[in-house]
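Participant: Submitted below is the structure of interest, expressed as structure tokens.
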Amino acid sequence: MVYPHEVGYGSLFEDANHYFSLTPSLEQHTEDLKTQLEKLKGIKNKEVLAEQLTAQIKNNTEKLEEERLARLERLHQVSEKLFELCEGDNWQETQHLSAKLLGTLMLLTPGAGSRSPRIHQRYKPLYKAVLTLRLVDKLLEHDTIAHKYLSKYREASARFSNDKYWRAKWKTELGIPLVTASLLQDIGLQCPAAITILKGENGDKDEFRLLEESQRRDLLKLNFHFTLKYLSDGLGIPKYVGNDRLERDKFVQTQREANAFILQLVKDAFVSKTGLGEVIKIPQIYASIVFSTKLDYSRLSLPKGYMLIEQLAKKGSLNANLAQDFLDIVGYFPQGFGITFIPTNENDQEKDQYECAIVTGLNPSKAAEPLCKVVTRNLTYISSGSTEVVPRTRNLYFPANRKKLMRIGKERLMEIMSGLSSDFTPDALDDLVPSYWEPYDFFSFKNHQNIWAKNK
């Protein structure tokens, strides 16, 4: 629905591609017809031709409007589906569902290889949208940003207390605009000129290659211009359905304000003048690490997303309070990250072995101590493991903890790792003890996909 692997299915990105490549010619044709019609005014014996031109202009105008409304309708369908997947009846359920969606997106990617950049490119917009929704919930709770539009929705958390008025108001006036801004933040890259820079004149270049500085600058300008054009002209506001004039006026006013908010959000994310754009910029920076399209991508570097946001906030490049709100949500390890840790026995003593877990919870009490689902017992996969917080002192991502397990023999470790990952190589042993593991193979089995099931 957002960014399919192949064309022809109808999606948000295909709609934009269609708009940028085909709509301009139809718009130009309509303008040409209007010019011809203007020349015919007052000329006798040309009434029939004038009527034909008028009818054609009307048909073209109606077709353009139908396509615009169809694009909006698809966007609203995607938003509704997203809310269904990540919004619960209360705050706790919303965090749980959001973690599940974010983690599933991560676990559906193989983590490395030639296919990864394209998969990451497709999943990134959805990932950003979920994080943006959760960040704005926190922002409203803490009043982190003073903004006229956002301040109207300070009571939006009432939707978690079964307040139907606020649920509907939040969805229409804040939820959909935020999802729109997140999903379509870089939609201008679907314009023909941007695609030519990325893929070359003949479409034979690797779009994920490192671009020259001049190409990057040109791409940024194209993205900025065409993203804003698409949001204002390609989408605009929905059409009112009904015959109540007061209701219509209120509907149009509400939609115009929401549309202005979307444009301001996206524009400010590009030019950074008011700080509002950081609402979508912070999730974008983070998602660009988690779903990097660089060829040297490694899961090992995923906690850098946390560190980068932290550093930018310290430098003053990001609003420190908003950045902290975001970091409190995601923690040090992203959803779906494979944790290796030292288990303890019944006396709470550390064992001479390690187990595997998957990060499944948002909002950790301590950034480096994630809520995880344990998925191995004696390094054999299980689907009935407990959900627990992995303390920093037993997490093998941190070098000091790996040293504790150096007494396990190298041959045994190689045997263990080969059993856990189909693409394991002896070179992959990080000082004999793995600092993380790749859960993709585990998650590909249906009976292992219940990792967010609540413990009985």
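Participant: Out of Leu97, Leu33, Leu26, which single residue is of a type in the set (A, V, I, L, M, F, W, C), in the same structural domain as Ala129 (by TED's automatic domain parsing), part of a helix (DSSP H, G or I) and on the phi < 0 side of the Ramachandran plot?
Facilitator: Leu97
Here is a yes/no grid of residues against (1) assigned by TED's automatic domain parsing to the domain that holds Asn259; (2) closer than 13 Å to Glu87 by Cα; (3) not β-branched (Val, Ile, Thr):
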{"site": "Asn162", "(1), (2), (3)": "yes, yes, yes"}
{"site": "Leu174", "(1), (2), (3)": "yes, no, yes"}
{"site": "Ser182", "(1), (2), (3)": "yes, no, yes"}
{"site": "Leu189", "(1), (2), (3)": "yes, no, yes"}
{"site": "Pro192", "(1), (2), (3)": "yes, no, yes"}
{"site": "Ile197", "(1), (2), (3)": "yes, no, no"}
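Participant: Taking Glu80 as meeting all but one of (1) exposed (fewer than 12 other Cβ atoms within 10 Å of the Cβ); (2) acidic (Asp, Glu); (3) at pLDDT 90 or above, write down the number of the exception.
Facilitator: Of (1) exposed (fewer than 12 other Cβ atoms within 10 Å of the Cβ); (2) acidic (Asp, Glu); (3) at pLDDT 90 or above, only one is false for Glu80: (1).
Participant: Further, regarding this structure: Scan region 278-303 residue by residue and report those that are among the aliphatic types (A, V, I, L, M), part of a helix (DSSP H, G or I) and in contact (Cβ under 8 Å) with a residue 24 or more places away in the chain.
Facilitator: Val279, Ile280, Ile282, Ile285, Ala287, Val290, Leu300
Participant: Against the condition part of a loop (DSSP other than H, G, I, E, B), in contact with a Phe, Trp or Tyr (Cβ under 9 Å, 6 or more places away or on another chain) and on the phi > 0 side of the Ramachandran plot, how does Gly203 come out, does it pass?
Facilitator: For Gly203, the condition - part of a loop (DSSP other than H, G, I, E, B), in contact with a Phe, Trp or Tyr (Cβ under 9 Å, 6 or more places away or on another chain) and on the phi > 0 side of the Ramachandran plot - is not met.
Participant: Return yes when Leu174 is closer than 28 Å to Ala453 by Cα and in a helix (DSSP H, G or I) and no when it is not.
Facilitator: It is false that Leu174 is closer than 28 Å to Ala453 by Cα and in a helix (DSSP H, G or I).
Participant: Determine the pairs where a residue that is buried (at least 17 other Cβ atoms within 10 Å of the Cβ), located within region 248-277, has a partner that is assigned to a helix (DSSP H, G or I) and among the small types (Gly, Ala, Ser) with Cβ atoms under 6 Å apart, the partner being 6 or more residues away or on another chain.
Facilitator: Listed by first residue and then by second, the contacts come to Ile262/Ala181; Leu265/Ala181; Val266/Ala181; Gly277/Ala269.
Participant: Is one or more of the residues making up region 176-196 more than 20 Å from the chain's Cα centre (by Cα), closer than 30 Å to Leu26 by Cβ and not hydrophobic (A, V, I, L, M, F, W, C)?
Facilitator: Yes.
Participant: Every residue in region 1-20 that is part of a helix (DSSP H, G or I) and either under 12 Å from Gly234 (Cβ atoms) or acidic (Asp, Glu) (or both), please.
Facilitator: Those that are part of a helix (DSSP H, G or I) and either under 12 Å from Gly234 (Cβ atoms) or acidic (Asp, Glu) (or both): Leu12, Glu14, Asp15, Ala16, Asn17, His18, Tyr19, Phe20.
Participant: Now for a separate question. When you look at Gly234, is it assigned to a helix (DSSP H, G or I), in contact (Cβ under 8 Å) with a residue 60 or more places away in the chain and of a type outside the set (A, V, I, L, M), yes or no?
Facilitator: For Gly234, the condition - assigned to a helix (DSSP H, G or I), in contact (Cβ under 8 Å) with a residue 60 or more places away in the chain and of a type outside the set (A, V, I, L, M) - is met.
The values are calculated or read from the model by the stated rules, or taken from the named source; none is laboratory data. These figures come from a predicted structure and were not determined experimentally. Backbone-built Cβ (ideal geometry, glycine too); neighbour counts: all protein chains shown.
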